[in-house]
Amino acid sequence: MWQTLGQDQTIRGLEHGLAAGRLAHAYLLVGPKHTGKGTLALDLAQAVNCEAGSPLPCGECRPCRRIAAGKHADVLTIRREESRTEISIDQVREVQHRASLKPTEGRWLVFILDGAEEMSAEAANCLLKTLEEPAPRALFLLLTSREARLLPTVRSRCQRLALRPMPREQMEQVLGKRGVEHQHAALVARLSRGRVGWAMLAVQESSEVWRRRSQVTERLAAIPGASFSDRFDLAAEWATHFSRRREQALEEMDLWQDWWRDLLLARSGCAGFTTNWDYSEQLQQQAQGLSLKAIADFLRDLRHTRWALEVNANPRLALETLMLHLPHFEEVA
Ligand SMILES: [Zn+2]
């Protein structure tokens, strides 16, 4: 059973390749965070090492179970170390060394490079040599949410698999099958922006993802009452968060964008299409205190700030400027 959800076309292509023994030696799995790249990588690692004899992973045999548990000696995941800013050349050299040896436990060595765009230039060039002279029985899976940051020479050595966002109706069904109550499934499906991994995390018990969403949304709902100094405190806190947990801080920015897009919809009389409809009352109220132009301008500021942060602007400066641009909310009687 493939654990990957919502990527039927890609899976069919892979099954054909597996059945015919014609897999590429390197794949580039492309898609936003939480779209299922990691799950697909593990699925593939299982499929090439599965003992059940079909082109799909059985999930039951010893190799399948060991891979799922992260214990298989021939399936290695490489990602940036927490204390570093890049995947280092030493990490890639280790991969090269392992790739020159035979599998010890299964049939295939599988190297999963998670966040491949974080390879240093040296590391990427080093990996390139391995990709140019593929070792037999070695499969490379490069996972990225920021494809453009990878060296074109590395990209061109991989077969590209783009993960698609899951349509909302399908997401609701998937969540429904897992016992998620209908209203909540509909809300999570809207908020997920098609990212199935995010949705699955959001519906877990005491979910961290959901807790963060609630926290950020509560904050957004309280913005009209925030004083100038509150806004600067927020910018400072956000900037600190940014330097520690970049991805999470960017995700927070996405939640801000969702909220302000919702305000635009609510202000235009299309409240039924909002994403955060569990906050429709607050959205309605805020929207009435703003002009359409003010909302649209701030949305543009948000997009610009996100872009600036992506290309490494100073977070504190960028976020303070953003807070200065927060429009004034008129009191609504
Ligand atoms: Zn199996």
Note to self: Between helix 182-191 and the chain, what is the angle of the helix's C-alpha long axis to the longest principal axis, kept within 0 to 90° and rounded to the nearest 10?
What the structure shows: 90 degrees
Checklist line | Under 5 Å, built H, 5+ apart or other chain: amide partners of Q159 | finding: A26, Y27, L28
Next item on the list: For region 11-17, just list the computed ³J(HN,Hα) in residue order, Karplus coefficients 6.51, -1.76 and 1.60, θ = phi - 60°, integers in Hz, with x standing in for Gly and Pro.
Entry: 5, 4, x, 5, 4, 4, x
Item checked: Restricting region 195-263 to GluC sites (Glu not before Pro) in coil, as DSSP defines it, with at most 15 other Cβ within 10 Å -> E205
Check: Amide H neighbours of V75 under 5 Å, counting only residues 5+ apart in sequence or on other chains, H built in-plane at 1.01 Å?
Finding: V110
Item checked: Where a label projected 7 Å from the Cα of T85 along Cα→Cβ would reach, residues of region 215-240 with amide N under 19 Å -> 239-240
Checklist line | Between helix 208-222 and the chain: long-axis angle, C-alpha atoms, 0 to 90°, nearest 10 | finding: 20 degrees
Check: Which one of D230, D114, D43 has the biggest mean-square fluctuation once the chain is modelled by GNM with Cα springs under 10 Å?
Finding: D230
Check: What length, rounded to one decimal in nm, is gained on full extension from E15 through to R212, with 0.36 nm per residue of separation minus their alpha-carbon distance?
Finding: 67.2 nm
Check: When the scattering of region 273-333 is computed by the Debye formula from its Cα atoms alone, each counted once and equally, what is log10 I(q)/I(0) at q = 0.11, 0.12, 0.19, 0.28 Å⁻¹?
Finding: -0.32, -0.38, -0.81, -1.10
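Just from its helices, what would the mean residue ellipticity at 222 nm be for the chain, if runs of 4 or more DSSP H residues each count -39500 (n - 2.57) and the sum is divided by every residue, rounded to the nearest 500 deg cm²/dmol?
Calculated from helices alone, the mean residue ellipticity at 222 nm is -16500 deg cm²/dmol.
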Next item on the list: Please give, to one decimal in nm, the separation of the simple spin-label points placed at E247 and A271, each 7 Å out from Cα toward the Cβ.
Entry: 3.7 nm
Next item on the list: List the relative contact order of the chain as a percent without decimals, with contacts defined as Cα pairs under 8 Å and 6+ residues apart.
Entry: 16 percent
Checklist line | ³J(HN,Hα) computed for each position of region 246-257 - Karplus, 6.51 cos²θ - 1.76 cosθ + 1.60, integer Hz, glycine/proline x | finding: 3, 4, 5, 5, 5, 5, 4, 4, 4, 5, 4, 4
Note to self: Please compute the modelled spin-label separation between S54 and E181, points set 7 Å along Cα→Cβ, answer in nm with one decimal.
What the structure shows: 3.7 nm
Check: What GluC sites (Glu not before Pro) does region 62-145 have in DSSP loop regions with at most 13 other beta carbons within 10 Å?
Finding: E81, E82
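A short reminder: the numbers here are calculations on the coordinates, not readings from a lab. From a predicted model like this one, the values you see are computed outputs, not experimental measurements. Please note: Cβ atoms are built from the backbone with ideal geometry, for glycine as well, and neighbour counts cover all protein chains shown.
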